[in-house]
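The values are calculated or read from the model by the stated rules, or taken from the named source; none is laboratory data. All of these numbers come straight from a predicted model, not from anything done at the bench. Using ideal geometry, Cβ is built from the backbone for each residue, glycine included, and neighbour counts are taken over all protein chains shown. Only protein heavy atoms, including side chains, enter the accessible area calculation; ligands, DNA and RNA are left aside. Shrake-Rupley method; radii C 1.70, N 1.55, O 1.52, S 1.80 Å.
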Amino acid sequence: LTGTTVQAADSRLVFADLMVLVERDARRIPIYALLVILVFIAVDLRRPLATLACFVSLGLGVGLAVAVMGLWPLHLNFFNLVVMPAVVGLGIDASIHLWHGREKASLAATSKASLLAALTTVAGFSGLLAANHAGLRSIGEVGVMAIVCCVGVAFLALFPLGGRGESEPR
């Protein structure tokens, strides 16, 4: 065992090391992820205005969720951080589905399906609201609140544009 080093492994030290890593990565990874999402939206929709509308809807939803977190005594932490990719994914799903379903014949079915998908995910996160563990409960709180914000903004921003889908030039 000569030359072997031993480090203390108290849970507080491990948690502190993880938080340093998360804070460092949290500054760059979301930017990369949002750029990839923007590229995927652009490839799918193939129109700058449509791409911008869906991406702005997502940005407004995430911005509203962060604002609510600032007003509510709820902070992003090591536990609930894992919820954010699901929130962003569901928020952009709702935006893209609503944009694609803008023909009058399919908008009602598409909006109902998007809303049902969001509500079932909210129901899943709602189960964590009853957890005794503060970390698990914060996952439920952030999940419910952020999904409601992102999907709500998508519906408020894009649903009124219904019926204009095929009249726009490509």
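Specify, per residue and in Å³, the volume enclosed by the convex hull of the alpha carbon atoms belonging to the range 18-100.
In the range 18-100, the Cα convex hull volume per residue is 90 Å³.
Once whole DSSP H runs in the chain are found, which of them have Cα atoms spread over 30 Å or more along the helix axis and a mean Kyte-Doolittle score of at least -1.0? Kindly include the intermediate steps, with their values, before the conclusion.
On the way: long enough: 48-71 (34 Å, 2.05); 104-126 (33 Å, 0.93); 134-158 (35 Å, 1.92).
Length and hydropathy pass: 48-71, 104-126, 134-158.
Just need the relative contact order of the chain here, percent rounded to a whole number, with Cα pairs under 8 Å and 6+ apart.
The value is 29 percent.
Would you mind working out the accessible area per residue for the chain, using a 1.4 Å probe, and quoting it in Å²?
Here the per-residue accessible area is 62 Å².
With labels modelled as points extended 7 Å from the Cα through the Cβ direction, what inter-label distance (nm, one decimal) is found for R46 paired with D25?
Distance between label points: 3.7 nm.
Roughly how compact is the chain, stated as its Cα Rg over 2.2 N^0.38 Å to two decimals?
Output field value: 1.27.
Taking the highest mean first, how do the peptides 87-94, 67-74 order by number of other beta carbon atoms within 10 angstrom per residue?
87-94, 67-74
Using helices alone, I'd like the mean residue ellipticity at 222 nm for the chain: each DSSP H run of four-plus residues gives -39500 (n - 2.57), total over residue count, nearest 500.
Taken over the chain, the calculation gives -24500 deg cm²/dmol.
Assuming R0 = 41 Å, can you tell me the calculated FRET efficiency for the pair V14 and A123, based on Cβ-Cβ distance, to the nearest 0.05?
Taking R0 as 41 Å, the efficiency between V14 and A123 is 0.75.
Which residue, L18, L98, L58, has the most motion in a Gaussian network model of the chain that connects Cα atoms within less than 10 Å?
Of the options given, L18 has the highest mean-square fluctuation.
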